[in-house]
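Novice: Dropping the structure in here first, questions after.
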Amino acid sequence: MKDTVRSEALRSVSGSSILAVYLVAVLMPVFVLFSDGSRFDLAGLAPATATALLLEPLAWSAISAAFVGAYGVTRECYYGSMDRTLTGVGFARAFSGKIVAGAVVAVALSLCIFVVWTVGVSVFLARNGSTLALTGSAWRIYAGALVGVVLGAFIGGAIGWITRNYYVTAAIILVLPMVVEFALLRTAPELAKFSPGLVLAALGVPGYQDRLLEFGPALCLALAWAVVLVAAAWGMGRRKVA
């Protein structure tokens, strides 16, 4: 199992196409940062409040992690090498190896993004006469976002196995949250807060703007989404190779 995970992790970060994965990994936090211009209005805010405000977009790293988690599956489907992999190692090892490897890569990449993002926040605050203040609120954003990254990678990996199509998976994981979930968040938050992407985001910013779930319900629902989708992906995959 360890060798399979290591092999899948290395394959996930190899090749020129990995640059696109890096860009997608920062896509959602950047999208959230610029979708609300008020985050740049820091006048009168205490350093701790300003820091937390600029770190909040990291909670949406979980959605990017879903794409990273699916990449190991969709990449092979795109290049037509999945059948060869399944023949070589078997469905069970390929499935579990890709799911776990996707989560490992997503966590590693997200940690790097957290560091770079924090440095950027520090520079921005300094230029605006404030300072970086990593208080309990900031660390809770980091911790919650990281939990979301892990569960997001599992959900993304499962969706990749279910669709086995690069473009369909990208549309489900990225386009739906950016277009549908964000629209619903503004118009029907009581419905939007139960959607997968916003449930994952709520782990990093519980109760965000009084529109997302609190941490406990969000965690339970995110686990439910992950378990159901992984189980569905396993069942569909077993039937296909039977």
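The values are calculated or read from the model by the stated rules, or taken from the named source; none is laboratory data. No experiment lies behind these values; they were computed from the predicted model shown. Reconstructed Cβ throughout: ideal geometry from the backbone, glycine too, with neighbour counts over all protein chains shown. What goes into the accessible areas is simple: the full protein's heavy atoms, side chains included, and nothing from ligands, DNA or RNA. Shrake-Rupley method; radii C 1.70, N 1.55, O 1.52, S 1.80 Å.
Novice: Working out 0.36 nm times the residue gap between residue 176 and residue 214, then minus their Cα-Cα distance, what length gain in nm do you get to one decimal?
Specialist: Details: separation 38, 0.36 × 38 = 13.68 nm, distance 2.22 nm.
Once the chain is fully extended between residue 176 and residue 214, it gains 11.5 nm.
Novice: Another question, then. Please calculate how many Å² of accessible area the chain carries per residue, with a 1.4 Å probe and no DNA, RNA or ligand atoms counted. The partial results should precede the final answer.
Specialist: Values: 11050 Å² over 242 residues.
For the chain, the per-residue accessible area is 46 Å².
Novice: Could you give me D for the stretch 18-91, from Stokes-Einstein at 4 °C and 1.567 mPa s, where the hydrodynamic radius is the Kirkwood radius over C-alpha pairs? Units µm² s⁻¹, please.
Specialist: Once the numbers are plugged in, D ends up at 87 µm²/s.
Novice: With contacts defined as alpha carbon pairs under 8 Å and 6 or more residues apart, what's the relative contact order of the stretch 161-242 in percent? Walk me through the numbers before you get to the answer.
Specialist: Working: 62 pairs, mean separation 21.0, N = 82.
Taking the mean separation of contacting Cα pairs over the length of the stretch 161-242, I get 26 percent.
Novice: Can you give the extra length, in nm with one decimal, that the chain gains between residue 30 and residue 81 once fully stretched, where that is 0.36 nm per residue apart less the Cα-Cα distance? Don't skip to the end; give the middle numbers.
Specialist: Working: separation 51, 0.36 × 51 = 18.36 nm, distance 3.30 nm.
So the extension gain works out to 15.1 nm.
Novice: When the helices in the chain are scored as -39500 (n - 2.57) per DSSP H run of 4 or longer and the sum is shared across all residues, what 222 nm value do you end up with, to the nearest 500 deg cm²/dmol?
Specialist: Details: 12 runs with 179 residues, N = 242.
Calculated at 222 nm, the ellipticity per residue is -24000 deg cm²/dmol.
Novice: Pulled fully out, how much extra length does the chain show between residue 168 and residue 119, if you take 0.36 nm times their separation in residues and subtract their Cα-Cα distance? Could you put the intermediate results ahead of the total?
Specialist: Working: separation 49, 0.36 × 49 = 17.64 nm, distance 3.46 nm.
Full-extension gain reported as 14.2 nm.
Novice: Debye calculation, C-alpha points only, no solvent: report log10 I(q)/I(0) for the stretch 17-143 at q = 0.15 Å⁻¹, in the same order as the q values.
Specialist: For the stretch 17-143 at q = 0.15 Å⁻¹, log10 I(q)/I(0) is -0.74.
Novice: Here's something else I'd like to know. Starting from one equal scatterer on each C-alpha and no solvent at all, send me the Debye-based log10 I(q)/I(0) for the stretch 174-225 at q = 0.17, 0.22, 0.25, 0.31 Å⁻¹, two decimals.
Specialist: -0.41, -0.69, -0.88, -1.21
Novice: If you rank 75, 239, 211 by how much accessible surface each has, with a 1.4 Å probe, what is the order from largest down? Each step should come with its number before you reach the end.
Specialist: Working: 75 55, 239 170, 211 75 Å².
Ranked list, largest accessible area first: 239, 211, 75.
Novice: Run the Debye formula on the Cα coordinates of the stretch 85-136, all scatterers equal and no solvent, and tell me log10 I(q)/I(0) at q = 0.13, 0.18, 0.22 1/Å.
Specialist: -0.53, -0.68, -0.82
Novice: Using the C-alpha gyration tensor of the chain, what are the square roots of 5 times its eigenvalues, in whole angstrom, with the largest one first?
Specialist: Working: eigenvalues 221, 72, 42 Å².
Values for the chain, descending: 33, 19, 14 Å.
Novice: Next up: For the pair residue 49/residue 133, report the inter-label distance in nm, with labels modelled 7 Å from Cα in the Cβ direction.
Specialist: 0.9 nm
Novice: Set the Förster radius R0 to 30 Å, insert the Cβ-Cβ distance between residue 108 and residue 38 as r into 1/(1 + (r/R0)^6), and round the FRET efficiency to 0.05. If you can, show how the numbers build up before the last one.
Specialist: Working: r = 32 Å, r/R0 = 1.06.
E(calc), rounded to 0.05, equals 0.40.
Novice: Further question on the same structure: Helix hunt in the chain: which complete DSSP H runs extend at least 20 Å axially by C-alpha with mean Kyte-Doolittle at least 0.5? Don't skip to the end; give the middle numbers.
Specialist: Values: long enough: 18-35 (26 Å, 2.67); 61-79 (27 Å, 0.55); 91-127 (53 Å, 1.79); 136-163 (40 Å, 1.36); 215-241 (38 Å, 1.27).
Qualifying helices: 18-35, 61-79, 91-127, 136-163, 215-241.
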